[in-house]
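Novice: Structure provided below as structure tokens; questions to follow.
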Amino acid sequence: MGVPKPTDARLYYRCAFQRHEDAEVLFNAGRTTGAVYLAGYGIECILKALVLMTAPARTRAGVLNDFRGNRAHEYEWLRSLYLTMGGARFPREINQHFTLVNDWSTDLRYTPRQVRAPEAEVFLTAAVAIIRWADGRM
């Protein structure tokens with residue numbers, strides 16, 4: 001556990017924790033849709049930090065360029081990229097959490113409905129597990 005050395009990975013790492021803290025504040029204020037949205041961004045950021053930590057230094061600029069566009073918000077694509085770069089396979093428990101959050105989308109920003117509190121709580125719990133696991137890989 002520790003802050004990643006590569007600058008770009010460090011940026012995403014710190015953002016992952018900040019977005020998750022923001023999500024907790026929103027959840028506690030009853031703003032569940034915003035909480036899920038930001039917790040999802042926290043997961044995205046920690047996955048990007050993992051990818052950048054694993055990527056050889058000579059390829060990081062290209063990886064950062066690949067982070068542009070819609071595909072870079074897709075958890076499956078980020079996991080695949082992480083594995084391609086030589087990252088460790090996700091343990092069974094993390095795969096289970098990953099399955100719970102995998103339908104997250106930036107489209108939540110256009111959703112006026114309120115995510116039910118129990119659903120949001122499950123999502124945030126899964127996000128914490130994923131972020132903690134990834135933090136242990138840094």
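The values are calculated or read from the model by the stated rules, or taken from the named source; none is laboratory data. Keep in mind it's a predicted model, so treat the numbers as computed, not measured. Neighbour counts run over all protein chains shown; Cβ positions are idealised from the backbone, glycine included.
Novice: Go through segment 77-98 and give me each residue that's over 13 Å from the mean Cα position of the chain (by Cα) and either of a type in the set (Phe, Trp, Tyr) or in a helix (DSSP H, G or I) (or both).
Specialist: Ser80, Leu81, Leu83, Thr84, Phe90, Arg92, Glu93, Asn95, Gln96
Novice: Cβ-Cβ under 8 Å, sequence separation 6+ or interchain: first residue in segment 113-138 and under 30 Å from Lys5 (Cα atoms), partner of a type in the set (A, V, I, L, M) and surrounded by fewer than 16 Cβ atoms within 10 Å (Cβ to Cβ). Which pairs?
Specialist: Pairs that qualify, where the first residue is under 30 Å from Lys5 (Cα atoms) and the partner is of a type in the set (A, V, I, L, M) and surrounded by fewer than 16 Cβ atoms within 10 Å (Cβ to Cβ), are Asp135/Met1; Gly136/Met1; Arg137/Ala88; Met138/Met1; Met138/Val3.
Novice: Here's a follow-up. Search segment 74-89 for residues that are surrounded by fewer than 16 Cβ atoms within 10 Å (Cβ to Cβ) and pair each with any residue that is among the hydrophobic types (A, V, I, L, M, F, W, C) when their beta-carbon atoms are under 8 Å apart and the residues are at least 6 apart or on different chains.
Specialist: Arg89/Leu83
Novice: Continuing with this model, one more query. Go through (1) modelled with pLDDT under 95; (2) crowded, with 16+ Cβ neighbours inside 10 Å for Thr32 and report which single condition fails.
Specialist: Unmet condition: (1).
Novice: Can I ask one more? With the requirement that a residue be of a type in the set (Ser, Thr, Tyr) and either surrounded by 19 or more Cβ atoms within 10 Å (Cβ to Cβ) or touching a residue at least 60 places away in the same chain (Cβ under 8 Å) (or both), what does segment 4-21 give you?
Specialist: Tyr12, Tyr13
Novice: Looking only at segment 19-44, filter to residues that are under 15 Å from Ala126 (Cβ atoms) and among the hydrophobic types (A, V, I, L, M, F, W, C); which one of those is nearest to the chain's Cα centre (by Cα)?
Specialist: Applying the filter and picking the extreme gives Ile43.
Novice: Of these, Val63, Val51, Val25, which one is crowded, with 20+ Cβ neighbours inside 10 Å and of a type outside the set (Phe, Trp, Tyr)?
Specialist: Val51
Novice: Here's something else I'd like to know. Take the residues of segment 106-138 that are surrounded by fewer than 15 Cβ atoms within 10 Å (Cβ to Cβ) and small (Gly, Ala, Ser): which is farthest from Ala88 (Cα to Cα)?
Specialist: The extreme case among them is Ala117.
Novice: Does Arg19 satisfy the criteria of being touching a Cys at 6+ places or on another chain (Cβ under 9 Å), modelled with pLDDT of 95 or more, over 18 Å from Thr7 (Cα atoms) and of a type in the set (Lys, Arg)?
Specialist: On the way: touching a Cys at 6+ places or on another chain (Cβ under 9 Å): yes; modelled with pLDDT of 95 or more: yes; over 18 Å from Thr7 (Cα atoms): yes; of a type in the set (Lys, Arg): yes.
Considered against the rule, which asks whether it is touching a Cys at 6+ places or on another chain (Cβ under 9 Å), modelled with pLDDT of 95 or more, over 18 Å from Thr7 (Cα atoms) and of a type in the set (Lys, Arg), Arg19 comes out as yes.
Novice: Every residue in segment 22-38 that is without any contact (Cβ under 8 Å) to a residue 12 or more places away in the chain and part of a helix (DSSP H, G or I), please.
Specialist: Matches in segment 22-38: Val25, Asn28, Gly34.
Novice: Run down Ala61, Ala39 and say which single residue is out of contact with any His (no Cβ under 7 Å at 6 or more places or on another chain) and among the hydrophobic types (A, V, I, L, M, F, W, C).
Specialist: Ala61
Novice: Looking only at segment 39-62, decide whether some residue is in a loop (DSSP other than H, G, I, E, B) and modelled with pLDDT under 95.
Specialist: Yes: segment 39-62 contains one or more residues that are in a loop (DSSP other than H, G, I, E, B) and modelled with pLDDT under 95.
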